[in-house]
Amino acid sequence: MGSENDDRQARVVEQLFVKHVSAIRGFIEAFLPDFNRAEDVLQETFLTVAAKAGDFREGSDFLAWALTIAKFKVFESRRQPWAKVGTLSPEVIEILAASVPDDDSTDISRIFLRECMDELSPKARDAIELRYGEACKPAEIARRLQWTPESVYVTLSKSRSLLRNCIEQKIKQQGHH
């Protein structure tokens with residue numbers, strides 16, 4: 001008796017996943033630039049979504065629910081020993097995930113992130129890329145850029161804020177939020 005409802009719920013969730021797969025893929029790719037890793041995380045996200053189909057409430061925001069699962073799968077992927085280089089930190093993932101709208105404009109958000117990165121000063125972009133692209137600690141960034149550790153912290157903090165505000169502004173200008 002419950003099995004029939006479970007099967008129906010699983011089909012509904014699978015259909016919703018297929019409907020939103022490009023938004024979920026775009027969300028994951030924004031944090032994992034390596035295509036193969038992003039595809040692996042997308043598959044893991046699908047398996048988890050399917051396994052938790054019974055937890056999803058019909059009529060609620062499926063995309064937000066699936067993106068939350070995807071975010072945790074991105075975190076899990078980053079904990080793998082081979083996954084330390086070339087990815088964003090959990091802090092940046094949280095900041096950027098918070099700025100992703102709850103609709104199908106995730107691909108647009110990824111484009112906006114790239115555009116906003118281009119708007120940073122070259123030195124700020126270097127600091128962000130060292131911190132989140134190469135996973136360098138602030139002390140290492142200071143050494144490599146010949147800055148004080150304090151200026152690294154200030155630059156990273158201001159850059160994160162600028163990126164978040166820039167993405168939010170671009171989303172509002174496009175009418176996607």
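Placing pseudo-labels 7 Å out from each Cα toward the beta carbon at residue 161 and residue 6 gives an inter-label distance of 5.1 nm.
Taking 0.36 nm per residue of separation and subtracting the current Cα-Cα distance, fully stretching the chain between residue 14 and residue 64 would add 16.5 nm.
The residues packed around residue 40, meaning those with a beta-carbon under 11 Å from its beta-carbon, carry a net charge of -2 if Lys and Arg are +1 and Asp and Glu are -1.
In summary, the lysines within cross-link reach of residue 19, defined as a Cα separation below 30 angstrom excluding same-chain residues under 8 places away, comprise 52, 71, 73, 170, 172. Taking amide H as placed 1.01 Å from N in the peptide plane, the amide H of residue 134 sits under 5 Å from that of 86, each at least 5 places away or on another chain.
Read-outs: derived from the displayed coordinates by stated rules, not from any lab. The structure displayed is predicted, hence computed values, not measured ones. Positions of Cβ are backbone-derived with ideal geometry, glycine not excepted, and every protein chain shown enters the neighbour counts.
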